[in-house]
Amino acid sequence: MLKAFCTIIVFPFLFEYSFSQQSDSSLADSWSFSGKGNLYFLSDDFFVNPTATADLNCLHLEGRYNYEDLHTGSIFAGYQFTRGNDLALSGTPILGAVFGNSNGIAPGLELELTYEGFGFYTEAEYLFGFSGEGESFFYAWSELTYSPVDWFWFGVVGQRTHLFQTDVDIQRGILLGLNRSSFSISGYFFNPGEDDSFVVLSLGVEF
């Protein structure tokens, strides 16, 4: 599984390098920034998982906290690319360092595919922990959504995380989202109908 995952991470770099040798880029040198906070409401706990990004042309920088583990930070750099119009694909292979309660190196991939009102988004990484095999872990967050209008979407979500334990390895749920200008808010209800169900509220801004 690790070999396949690493192949997925490396391949977009090679593809983009080859393509860039044959195309002329005219992107403006301007930064864009975004911030997001995921508020986890568990039955007996509460914590916030903030994320901040900065992008310049194809360069992607990202910082996270409470993502790989509680009281753990991570920083990433990656190369982002976009292809297609009606059927649009955007991806960002990333590589980062994790430090805090968990420590290690984490290659990852952020991928989004859209067609008309449908969208699929996933972010995945594998943490190679410095403390041994027990700290290594595969993380993933995926969403499948439909947006009947630009400012509203709904769908299903799944995640695999090491932040907390439930009766299932992959938590599954439903989601609703709204945006207004550069602000967005999404609500996630994981494990509906189960004793270990929980809610995540996500607040985001772009500028």
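The values are calculated or read from the model by the stated rules, or taken from the named source; none is laboratory data. If you're wondering where the values come from, they're calculated on a predicted model, not measured in any experiment. Neighbour counts are summed over all protein chains in view; Cβ atoms, including those assigned to glycine, are modelled from backbone coordinates with ideal geometry.
Worth pointing out:
- All positions within segment 23-56 that are over 30 Å from PHE190 (Cα atoms) and either at pLDDT 95 or above or touching a Gly at 6+ places or on another chain (Cβ under 8 Å) (or both): TRP31, SER32, ASP55, LEU56
- Restricting segment 172-202 to residues that are in a strand (DSSP E or B) and among the polar types (S, T, N, Q), the residue that is farthest from ASP44 (Cα to Cα) is ASN179.
- Listed by position, the strands (runs of 3 or more DSSP E) contained in segment 79-139 that have at least 3 residues being more than 16 Å from ASN66 (Cβ to Cβ), touching a Leu at 6+ places or on another chain (Cβ under 9 Å) and of a type in the set (Gly, Ala, Ser) are 87-100.
- Some residue of segment 32-55 being surrounded by 15 or more Cβ atoms within 10 Å (Cβ to Cβ), among the hydrophobic types (A, V, I, L, M, F, W, C) and touching a helix residue (DSSP H, G or I) at 6+ places or on another chain (Cβ under 9 Å): no
- Selection from segment 72-86 of residues that are farther than 19 Å from LEU109 by Cβ and either touching a Cys at 6+ places or on another chain (Cβ under 9 Å) or at pLDDT 95 or above (or both): THR72, GLY73
- Contacts under 7 angstrom Cβ, first residue in segment 62-80 being farther than 16 Å from TYR126 by Cα, partner in a loop (DSSP other than H, G, I, E, B) and not basic (Lys, Arg), 6 or more apart: LEU70/ASN101; LEU70/LEU163; HIS71/ASN101; TYR79/CYS58; GLN80/CYS58
- Looking only at residues in segment 143-161 that are loosely packed, with under 15 Cβ neighbours inside 10 Å and outside any strand (DSSP E or B), the one that is modelled with the highest pLDDT is TRP151.
- Test: residue in segment 177-200 that is within 23 Å of LEU61 (Cα to Cα), touching a residue at least 40 places away in the same chain (Cβ under 8 Å), among the hydroxyl-bearing types (Ser, Thr, Tyr) and surrounded by 15 or more Cβ atoms within 10 Å (Cβ to Cβ): no
- Scanning segment 92-108 for any residue that is buried (at least 17 other Cβ atoms within 10 Å of the Cβ), hydrophobic (A, V, I, L, M, F, W, C), within 26 Å of PHE154 (Cα to Cα) and in contact (Cβ under 8 Å) with a residue 24 or more places away in the chain turns up nothing.
- In the condition set (1) more than 25 Å from GLY78 (Cβ to Cβ); (2) modelled with pLDDT of 95 or more; (3) surrounded by 14 or more Cβ atoms within 10 Å (Cβ to Cβ), PHE164 is compliant with all but (2).
- The lone exception for PRO192 - which of (1) more than 20 Å from the chain's Cα centre (by Cα); (2) closer than 30 Å to ASN103 by Cβ it fails: (2)
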